[in-house]
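What follows is a set of notes on a single structure, which appears directly below.
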Amino acid sequence: MQYQVKEHEKQATIYLEGELDMTVGSELGNLIRQVGERHETIILDFDGVTFIDSSGIGSLFYATKDLLALGKAISITNVKEDIRDILEVLGFAEALGLEI
Amino acid sequence: MQLCQQCPSDSSCQICLEGLGAGNAGKKVIPPRPIHLVHLASDTRYKAELRAISRIAVGVYGLEQWQAGRYEVELASDFRIIGSAIIPYRDSPYLVLDIEKVLRKEEVMQRLLVDEFHLWHLSHELEPSAVLTDHAASDEGRQQLIREQLDKLAVLQNFQELRMFIADGDKLRLLGNSTQPEDHLKRGLWKLVAKARLTRQNVRESLFSKEMDQVFDTHVLPLPDETCGIAVLNITNAIAAERKRQQAEWEMYRNVLCIVTKGKLILLQDADLYDFIRQSEMLLRYEIKSPADLQGMRRQMTEALVACDLGSRKPLHCVVAINEAATNVIKYAEGGKVELYHSQADQILRIVVSDEGEGILLHDLPKATLIRGYSTVDTLGAGFHVMLEYSDRILVNSSPQGTKIVLEWHHVKIGS
């Protein structure tokens, strides 16, 4: 799993690339929280994500939930169909009230 | 002479039994039971399979060059056999051990016996012959759920025999209606008396009859006048009733989980799984030890599943489900293996994910499998939910010796 962050004035985009499984650990969640401190709007770009599971999405889920509670705007874009399918089974977007 | 290729499944072959030298008294262990054994002189530890058993000897199959001498066999973490090696077939991986002694760990002795049986609740063994699975009996058990629940109450009535003695010098005085203990038991009693006299403390141990078909919960109490009070409780029937009760409890959990999931989640006995596997062809096997192994496992599984011609979306769904089961193995056990089987006869694709971890406790199973977000580790905890969603059926077998999760996909034909 690799990440790239592009920061603009009020908005930041985190580009995710690779497979999100249990090897991701809390690293991704921490990154999202840090970026969230500096910006009002955070975009998670899933274009490069090729696999996702319940362990890999865990830290992302909880970090996103916290930022939403702080009033930040978060969107997830460029989700491939396969990955959207898995996210749906995981109840990810539904639990966060997001559209993906 | 060598064992047959299907050992011990081939019912027409008796080679593994002949090695025991027990005549007709030997029985095959089906499915073979994974065990550990330690060569006592060199302290070398081996993994092996228990394949045949009798009152006097056990037959063990491993990939090792066996050494002569004595071995300690672990049947469960707290139930062991000491035996001396006979190697019946030269250069064979089959080892026969003459049973010298049955051991149960000291710490187990300290605990209430009922607790002890709880540990074994899915493995059902107390004595070697009970390791054998009786298919007919388990089927019958299923139909008699209610009657077995009633047996719960009968447990206390099953302490059929309490004998009391006073050890006075080197004489054993009988109290009340007590009958003389048989010689083998008597020798055991005197050992406990010696221990109680030496330590001036109460001694409680389980003693076995010579034939190992009776268990006696034995208490020895040193008295101030240098005598010892002895109580010997025959708990053989109580154990059987308790085991039966736990079997009934297991059946009840199985029925409830099956109904709640509309037949998608099934608790499974080891023997049933063994039958499935015997009729299937193994397509792939992958060992997983650390999170880094998951990626390689997914890659190889995807390749194998794509070759199975399941359609365009299915291989990914399968891999997602397999990956969740494999992730649990890494989280809760020290690793395990993932095996892909196909049964042409049933047209079922099966993934068996197994570990040698501590197992899921029976009463935790509904929470672990049905409730989303139930997990002691910081994740979404949706693992079982994902598996249920993406597979046609899940079979679960869990005991203190490990957990096996079987994911099934039905109507899968391979080739033409």
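For B:PRO224, the conditions (1) farther than 30 Å from B:SER391 by Cβ; (2) touching a helix residue (DSSP H, G or I) at 6+ places or on another chain (Cβ under 6 Å) are fulfilled apart from (2). Taking the conditions exactly as written (closer than 30 Å to B:CYS7 by Cβ, within 25 Å of the chain's Cα centre (by Cα) and within 14 Å of another protein chain (Cβ to nearest Cβ)), does B:LYS289 satisfy them or not? Judged against the criteria, B:LYS289 is a match. Listed conditions (1) in contact with a Pro (Cβ under 7 Å, 6 or more places away or on another chain); (2) modelled with pLDDT of 90 or more are all met by B:GLU358, apart from (2).
B:SER84 fulfils the conditions (1) of a type in the set (Gly, Ala, Ser); (2) closer than 23 Å to B:SER398 by Cα; (3) at pLDDT 70 or above except for a single criterion, (2). When the residues of the stretch B:385-416 are filtered to those that are assigned by TED's automatic domain parsing to the domain that holds B:VAL329 and at pLDDT below 85, the one that is farthest from the chain's Cα centre (by Cα) is B:HIS385. When both residues are 6+ apart or on different chains and their Cβ atoms are under 7 Å apart, which pairs have a first residue that lies in the stretch A:74-100 and is within 11 Å of chain B (Cβ to nearest Cβ), and a second that is part of a helix (DSSP H, G or I) and β-branched (Val, Ile, Thr)? The qualifying pairs are A:ILE86/B:VAL320; A:VAL89/B:VAL386; A:LEU90/A:ILE57; A:LEU90/B:VAL386; A:PHE92/A:ILE57. For the structure I just gave you, tell me whether B:TYR71 is touching an Asp or Glu at 6+ places or on another chain (Cβ under 6 Å) and either at pLDDT 80 or above or of a type outside the set (Asp, Glu) (or both). No, not satisfied.
Can B:MET297 be described as touching a residue at least 40 places away in the same chain (Cβ under 8 Å), within 12 Å of chain A (Cβ to nearest Cβ) and more than 23 Å from the chain's Cα centre (by Cα)? Yes. Checking each residue in the stretch B:2-35 for being surrounded by fewer than 19 Cβ atoms within 10 Å (Cβ to Cβ), in contact with an Asp or Glu (Cβ under 8 Å, 6 or more places away or on another chain) and in contact (Cβ under 8 Å) with a residue 24 or more places away in the chain picks out only B:PRO34.
The values are calculated or read from the model by the stated rules, or taken from the named source; none is laboratory data. Given the structure is predicted, the values throughout are model-derived calculations rather than measurements. Here Cβ is always computed from backbone atoms with ideal geometry, including for glycine, and neighbour counts include all displayed protein chains.
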